[in-house]
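This report refers to the structure that appears directly beneath it.
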Amino acid sequence: MKKILLTIFLIFCLSITSFAIPLESQYDKSKDPKNIENIINFILGVNQKKGDQEGLIYLVGDTIDIEMLFEDIEKDYEGISPQDKLKKNADLDEEQKKPKAGTLQIKYTHNPSIFDNPDPKHVKGNNNYKIIASMQDPYVIQRATTGMRGEWTVTVQGSDTTKNDPFNKMATPKTRTYIIHYAPDAVIYMLETATHYILTGINSRDRDFQYSRANNGIDRYEWFYEQKDGSVYKYPEENQYIALPKIINGKEVTAFTLTVTDCYGAKGSTNITGLITPELFAELHPELAKFDIFTAGIPASEELKVTDIVTMPHPMDRIDFALYKDGVRKTNIRSLNRPSDITKTDILYHHWKDIRNYQIPETLPDGNYTAKATATQGTLVLEKNWSIRVKTPINLMPEMPNRVFTSSEITIEATTSKYANAVTVDVFSDGNPISMQLVNQVGDIKYWRLNYTVPFRPDGNYTARFRATTPNGNEEIKTLPFFLQTLDLKDLRITDIVNHKEYAGKYPIYYNAPEVPVGYKAGYYVTFKITAIGNPDSVKMKISHPGYNKTLNMVKESENGNESTWKLEWYSDPFLKKGTIINTEVTADKGSIHLNFNTKYGWDGDYLKVVGSIEGDWRIDQEL
């Protein structure tokens with residue numbers, strides 16, 4: 001009987017796969033049946049599935065062990081005979097250990113997300129109890145099928161039967177957890193040389209852990225070969241790729257098989273072979289990790305690097321790298337073509353040094369480009385392409401006062417990214433841009449400045465237009481509104497103080513001169529003058545000291561176009577104490593516009609300091 005079963009098993013295996021295949025074409029089984037049978041028997045001998053961890057690990061297609069998972073200490077089972085009730089639970093089979101009819105329930109939970117490439121949650125994995133007639137009920141999962149991959153928990157409960165319903169009780173639910181998964185897929189690619197078969201299983205995969213575990217989820221690679229006399233051997237090296245000699249111990253190798261093993265011990269085998277296609281592998285990165293070359297973009301003038309350059313199965317003569325657009329090269333070629341540029345070689349892979357600090361020209365226009373690495377050997381050309389984006393930011397941020405005065409000097413500033421090479425400002429947006437000066441660069445930020453004297457224009461709102469450019473043709477434009485106030489005051493000065501010969505030749509004495517506050521003998525006339533811009537309606541000076549506070553009208557002395565000079569002559573009480581500070585504050589008005597000279601220039605107004613008096617001054621009769 002055992003022989004018959006084994007024969008049936010072998011026939012079934014033969015019907016689903018062919019483990020041995022010659023390298024030129026499939027075996028003609030009618031001519032050489034012994035050859036194929038040898039390698040199949042050998043593979044079946046070494047490739048039996050590992051123990052399934054007490055029945056808790058199943059492959060798709062396996063039969064799932066079903067147990068009642070119900071037991072009653074008092075042995076109050078449905079339909080049990082008095083004689084069987086005297087036996088121990090261990091001596092009863094599942095048919096004798098039945099719960100009360102109609103009380104057997106089962107529920108499943110299904111978690112497919114424990115695997116990569118997860119299946120949808122199964123309809124039975126809803127964690128809801130279902131009443132079943134027995135463990136052979138059609139609802140009970142008895143076979144692992146496609147769509148069931150994942151972790152399952154099965155819970156069974158039922159009631160005993162005491163012939164007295166009030167005393168019946170539900171048994172504690174029994175739970176078992178198991179896993180259903182796929183066997184791994186073995187994949188072979190080959191390159192034939194004069195003396196060897198170069199074989200690689202790198203494309204083999206375990207769909208359950210294809211991404212979360214190394215080597216596509218494969219834990220073990222085993223290679224088997226068959227020789228012309230029908231003998232089958234295991235190759236001693238368990239590597240992803242091997243160089244299998246065509247002649248071993250004087251005998252010709254006629255077929256080979258790869259078996260791969262996953263983390264659960266499940267195995268997958270194949271001898272179906274594809275030809276190794278020459279390939280170029282490489283990775284492209286920015287030299288500075290802060291740049292996203294594929295989506296956000298990398299600025300022109302920044303650098304790229306090509307790393308992990310590998311060619312297979314040929315070493316190739318050279319590696320070239322450049323950027324292309326619409327099939328046309330747009331940047332210089334960087335090449336690796338010296339023997340020393342190949343850093344490591346084995347039977348299949350040839351490793352090249354990195355291409356580092358490849359600078360994108362600062363003049364390369366923004367846009368999408370193809371970064372292309374090319375490996376060349378004679379007429380064989382291999383390519384590795386990446387779609388990258390060049391995007392050069394400017395980040396123009398201008399700044400200027402929102403209220404400016406005619407004839408005043410203002411500071412206009414701006415910041416940009418380090419990639420900007422020029423900034424201009426057209427203050428009145430009238431087609432007269434002025435270049436700003438680069439004054440500093442800190443990190444990736446450039447600082448620009450312009451000292452600008454505001455010309456005469458009518459009062460009103462204006463817009464300054466800023467424009468920044470890069471060497472690759474980008475521009476960014478920003479505008480800032482400002483109000484031009486043509487009313488202005490400047491050059492407050494003392495032009496004369498009677499009987500103060502010590503100041504002869506020093507006039508005018510401006511408000512911000514070092515000798516201010518000016519020494520003053522109380523009672524003598526002081527002449528104040530100020531220049532106004534914009535033809536104000538009035539200019540006033542408030543003069544104050546302890547016990548005195550008056551606002552006086554200044555008189556327009558002269559006018560020249562937009563400028564006018566205003567004058568005030570004033571003298572103090574001759575009896576002011578020495579040390580008294582005389583403070584001045586000048587204002588101008590034009591319509592609704594009001595201007596405070598002191599506020600504009602941040603001046604405290606202390607202009608005079610009493611150092612003496614007209615009283616007793618012998619010069620009084622001569623000067624007055």
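Pairs exceeding 19 Å between alpha-carbon atoms, taken from Lys234/Lys344; Lys446/Lys478; Lys529/Lys578; Lys521/Lys600; Lys344/Lys372; Lys501/Lys556: Lys234/Lys344; Lys529/Lys578; Lys521/Lys600; Lys344/Lys372; Lys501/Lys556. If you take all other residues with their beta carbon under 14 Å from the beta carbon of Pro138, and give Lys and Arg +1 and Asp and Glu -1, the sum is +2.
Less than 5 angstrom separates the built amide H of Thr145 from those of Gly61, all sequence-distant by 5 or more or on a different chain.
The charge dipole of the range 397-485, taken about its Cα centre with unit charges on the Cβ atoms of Lys, Arg (+1), Asp and Glu (-1) only, comes to about 60 debye.
Residue-wise HN-Hα couplings along the range 130-143, as the Karplus relation 6.51 cos²θ - 1.76 cosθ + 1.60 with θ = phi - 60° gives them from phi, are 10, 6, 10, 6, 6, 6, 9, 4, x, 6, 6, 6, 10, 9 Hz; Gly and Pro carry x.
For Ile298, the amide hydrogen comes within under 5 Å of the amide hydrogens of Arg389, Val390, Lys391, counting only partners 5 or more places away or on other chains and with H modelled in the peptide plane.
Sequentially through the range 591-598, phi angles give Karplus couplings (6.51, -1.76, 1.60; θ = phi - 60°) of x, 8, 8, 10, 10, 10, 4, 4 Hz, Gly and Pro residues having no value and appearing as x.
As a rough footprinting exposure proxy, the listed residues Glu237, Glu413 were ranked by other beta carbons within 10 Å of their own, and the order from fewest upward is Glu237, Glu413. Label separation (Tyr503 vs Val123): 10.7 nm, computed from points 7 Å beyond Cα along the C-beta direction.
Mind checking the full-extension length gain between Thr307 and Lys478? Use 0.36 nm per residue of separation minus the Cα-Cα distance, one decimal, nm. If you can, show how the numbers build up before the last one.
Numbers: separation 171, 0.36 × 171 = 61.56 nm, distance 4.05 nm.
Contour length minus Cα-Cα distance gives 57.5 nm.
Computed from label points 7 Å out along Cα-Cβ, the spacing between Lys418 and Asp430 is 4.0 nm. In this structure, the amide hydrogen of Asn203, modeled 1.01 Å from its nitrogen in the peptide plane, lies closer than 5 angstrom to no residue at least 5 positions away or on a different chain. Our estimate of slack between Asp604 and Val442, defined as 0.36 nm per intervening residue step minus the Cα-Cα distance, is 54.6 nm. Multiplying the residue separation of Asn111 and Thr379 by 0.36 nm and subtracting their alpha-carbon distance yields 91.2 nm.
Within a Cβ distance under 12 Å of Pro313, other residues only, what is the Lys/Arg minus Asp/Glu net charge? It would help to have the intermediate numbers written out before the result.
Values: positive: none; negative: Glu192, Glu279, Asp346.
Charge balance near Pro313 sits at -3.
Put a dot 7 Å past the Cα of Arg338, heading toward its Cβ, do the same for Ala289, and the two dots end up 3.0 nm apart.
No lab work stands behind these numbers, since they all come straight from the coordinates. It should be emphasised that the depicted structure is a prediction, and the values quoted were computed from it without experimental measurement. Glycine also receives a Cβ, built like all others from the backbone with ideal geometry; neighbour counts cover every protein chain displayed.
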